[in-house]
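Scroll down for the structure; my scribbles are underneath it.
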Amino acid sequence: MKKNNKTAIALSSAVLALLLMGTACSNEKNSNASLSPSPSVSAVPTVPSSPDSSEALATESASPSASPETVESTGEYSGLQDGHTIEIVTDQGPTAFQVSPEIADKVDPWESGTKVKFQYKTDENGEQLSIVSIDKQ
């Protein structure tokens, strides 16, 4: 009988640990939520079905504000931070930019302090900057 109790306790502990890990691995959006369940919200906008609804969606997705604008700038290349991020000192100070593997390979041999001209885009949240093209000045 004692063996069954130990097994039940071990099994209960394992289930509890899994439940705790599941709650600890929630995303940031849910980290501030209360413990009471909240209704789920669909990320897809609801569009009334009408003959013109497909035109409205096409117009909405083709708007200029939906695509990021390319910005031209200059600065001093500081170096490769990791395989996909470089640092450039701009007028705003040291700034990290995301780069493709091709651009990372291109700038890797450049020395720190190399003057550069580059084009970059900002993601839709305005948080991540990505180099589109870069050349020595």
Original post:
residue 79's amide H: which non-local residues (gap 5+, or another chain) put their own amide H closer than 5 Å, with H modeled 1.01 Å from N in plane and none for Pro or chain starts?
Top reply: 87
Original post:
Check residue 95: other-chain or 5+ apart residues with amide H under 5 Å from its amide H, H built from backbone geometry?
Top reply: 88, 89, 90
**OP:** Would you please give the residues with an amide H less than 5 Å from that of residue 128, counting only those at least 5 places away or on a separate chain, with H modeled from the backbone geometry?
**Re:** 123
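For residue 114 and residue 69, what is the calculated FRET efficiency with R₀ set at 35 Å and r taken between the beta-carbons, to the nearest 0.05?
Once rounded, the FRET efficiency stands at 0.85.
Could you give the length gained by full extension between residue 135 and residue 95, i.e. 0.36 nm per residue of separation minus their alpha carbon distance, to one decimal place?
12.7 nm
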Subject >> Cα gyration tensor category, rounded, prolate or oblate, for the stretch 70-131 with a/c compared to 1.5 >> reply: oblate
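No lab work stands behind these numbers, since they all come straight from the coordinates. Here the structure is a predicted model, which is why all the values come from computation and not from measurement. Every residue, glycine as well, gets a Cβ built from its backbone with ideal geometry; the counts of neighbours run over all protein chains shown.
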